[in-house]
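The values are calculated or read from the model by the stated rules, or taken from the named source; none is laboratory data. In this text, all values refer to a predicted model and were calculated from it rather than measured experimentally. A quick note on method: Cβ atoms are made from the backbone with ideal geometry, for glycine too, and the neighbour counts reach across all protein chains shown.
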Amino acid sequence: MSEDDRQRWNGRYCEQTGASLEPSRFLQSLADRLPGTGRALDVAGGPGHDALWLARRGLEVTLLDISDVALERAAVAAREAGVPLRGERVDLEAEPLPPGPYSLVLCLNFLSRPLFDVFPKVLAPGGLLVFAQPTRSNLLRNPHPSARFLLEDGELPGLLRGLEVVSYTEGWTGEGRHEARLVATLRPVPGA
Ligand SMILES: C[S@@+](CC[C@H](N)C(=O)[O-])C[C@H]1O[C@@H](n2cnc3c(N)ncnc32)[C@H](O)[C@@H]1O
């Protein structure tokens, strides 16, 4: 496990006491398209704002993150909300994703390019990948995230492996970030 990353993120989350558990607007905008049952994986989901929202909607959610502070915060929020939520401390740069199949894999604001080889292996046929990450143009208006955490403009579709694009947009969002946003699906094998 990358101890530096873990401590850095733990420190950040410790500073953010009372942070909002409001789910991502992008995720909420997809409400009509998301599965309402089955297993979901929130990859690097932080303190669980999106995972909790999905769990409330009836999905069986596993939240992965390197930060134990974030995972503990998510566990407390889930207990208070009375919804089941499974948290796993994982270094996504070094450890595998827990095995699927998942009806939904969510990965927002976390970029590890090798994961694109793994997403199709953990998705159920017909399952959805929901992914969003700022691109280099974001630096024109925002100093963070720094360049090493950004996608190149136009890079995202080329990272996809074995999945079919359902929707892809790239541009300035209502929140003032330049983001690439993708929904993709693992096409079911005919007759399987
Ligand atoms: C920018 S936050 C995004 C959190 C959430 N997905 C969101 O959109 O608000 C990045 C998250 O990635 C986690 N993270 C950073 N490096 C990681 C790693 N190597 N393995 C797992 N999680 C990691 C951090 O702890 C943090 O919660």
Check your understanding: Looking at segment 107-151, which of its residues are within 14 Å of the ligand (Cβ to nearest atom) and among the polar types (S, T, N, Q)?
Key -> Asn109, Ser112, Gln133, Asn138, Asn142, Ser146
Check your understanding: What about Leu64, is it within 9 Å of the ligand (Cβ to nearest atom), out of contact with any Ser or Thr (no Cβ under 6 Å at 6 or more places or on another chain), part of a strand (DSSP E or B) and over 19 Å from Arg12 (Cβ atoms)?
Key -> no
Review point. So which residues in segment 73-85 are out of contact with any helix residue (DSSP H, G or I) (no Cβ under 9 Å at 6 or more places or on another chain) and touching a residue at least 12 places away in the same chain (Cβ under 8 Å), if there are any at all?
Key: Ala75
Exercise for review: Look at Leu54 and say whether it is more than 8 Å from the ligand (Cβ to nearest atom), outside any loop (DSSP other than H, G, I, E, B), in contact (Cβ under 8 Å) with a residue 60 or more places away in the chain and in contact with a strand residue (DSSP E or B) (Cβ under 8 Å, 6 or more places away or on another chain).
Suggested key: no
Revision key, fill the gap. Residue count, segment 75-106, condition within 10 Å of the ligand (Cβ to nearest atom) and over 19 Å from Asp4 (Cα atoms), comes to 1
**Study point:** Total residues in segment 60-69, condition surrounded by fewer than 24 Cβ atoms within 10 Å (Cβ to Cβ) and not polar (S, T, N, Q)
**Key:** 4
Exercise for review: Would you check if Arg6 is more than 19 Å from Thr185 (Cβ to Cβ), basic (Lys, Arg) and surrounded by 17 or more Cβ atoms within 10 Å (Cβ to Cβ)?
Suggested key: yes
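Matching residues to (1) more than 16 Å from Gly100 (Cβ to Cβ); (2) within 19 Å of the chain's Cα centre (by Cα); (3) modelled with pLDDT under 95:
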residue	(1), (2), (3)
Ala132	yes, yes, no
Arg141	yes, no, no
Glu155	yes, yes, no
Val165	yes, yes, no
Arg177	yes, yes, no
Leu186	no, yes, no
Review point. Which pairs do you get when a residue that is touching a residue at least 24 places away in the same chain (Cβ under 8 Å), found in segment 144-158, comes within reach of a residue that is surrounded by 12 or more Cβ atoms within 10 Å (Cβ to Cβ) and assigned to a loop (DSSP other than H, G, I, E, B), reach meaning Cβ atoms under 7 angstrom, with the pair 6+ apart or on two chains?
Key: Phe149/Leu111; Leu151/Leu111
Point to revise | Residue that is nearest to the ligand (Cβ to nearest atom) [pool: residues in segment 1-42 that are assigned to a loop (DSSP other than H, G, I, E, B) and in contact with a strand residue (DSSP E or B) (Cβ under 7 Å, 6 or more places away or on another chain)] | key: Ser24
Revision key, fill the gap. When restricted to Gly18, Gly36, Gly11, the only residue out of contact with any Cys (no Cβ under 6 Å at 6 or more places or on another chain) and closer than 24 Å to Gly176 by Cβ is Gly18
Review point. Before we move on, is Arg79 buried (at least 17 other Cβ atoms within 10 Å of the Cβ), at pLDDT 95 or above and not in a loop (DSSP other than H, G, I, E, B)?
Key: no
Revision key, fill the gap. Expected output for segment 1-18 (first residue basic (Lys, Arg), partner within 11 Å of the ligand (Cβ to nearest atom) and modelled with pLDDT of 90 or more, Cβ below 6 Å, 6+ apart or cross-chain) is Arg6/Ile66
Point to revise | strands (runs of 3 or more DSSP E) lying entirely in segment 90-192 (those with 3 or more residues that are surrounded by 15 or more Cβ atoms within 10 Å (Cβ to Cβ)) | key: 102-108, 123-134, 178-185
